[in-house]
Amino acid sequence: MDAIINHHGWRNLFDVVAVSAEVGSTKKYSEIFLHALQELSMRPEECVFIDNDEENLVAPRELGLTVMFFDHEMNDVDGVRVRKGLRKVDVV
């Protein structure tokens, strides 16, 4: 995972990168989100979680995070739909 994270520069883009193997929880369970929230010192309602698997949106939604489905099959390589969705929840 470190090679992928470094290749894409995710640590420069995101305040926290929570890796399931390091946390011991997948996105289907709340533990990984609770870990990220703790690392960020933020409340769930202050955060947005985006994923391309609708099943992964259940746990964060139940915790109170704003969730967005990213339909990778739509091939939205420019992220236009994501940007529009983020603007709807006042994220710039």
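The values are calculated or read from the model by the stated rules, or taken from the named source; none is laboratory data. The structure presented is a predicted model; accordingly, all values stated were derived computationally and were not measured. For neighbour counting, all protein chains shown are included, and Cβ atoms are generated from backbone atoms with ideal geometry for every residue, glycine included.
Do we find a residue being at pLDDT 90 or above and outside any helix (DSSP H, G or I) anywhere in region 71-80?
Checked region 71-80: no residue is at pLDDT 90 or above and outside any helix (DSSP H, G or I).
Go through region 41-55 and count every residue that is modelled with pLDDT under 95 and either more than 19 Å from Asp90 (Cα to Cα) or surrounded by 17 or more Cβ atoms within 10 Å (Cβ to Cβ) (or both).
5
Phe70 versus (1) out of contact with any strand residue (DSSP E or B) (no Cβ under 9 Å at 6 or more places or on another chain); (2) surrounded by 12 or more Cβ atoms within 10 Å (Cβ to Cβ): which is the lone unmet condition?
Condition (1) is where Phe70 drops out.
Here is a yes/no grid of residues against (1) over 12 Å from the mean Cα position of the chain (by Cα); (2) outside any loop (DSSP other than H, G, I, E, B):
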| position | (1), (2) |
| --- | --- |
| Asn12 | yes, yes |
| Ala18 | no, no |
| Ser25 | yes, no |
| Ala36 | no, yes |
| Glu39 | yes, yes |
| Ile50 | no, yes |
| Glu55 | yes, yes |
| Arg83 | yes, yes |
| Asp90 | yes, no |
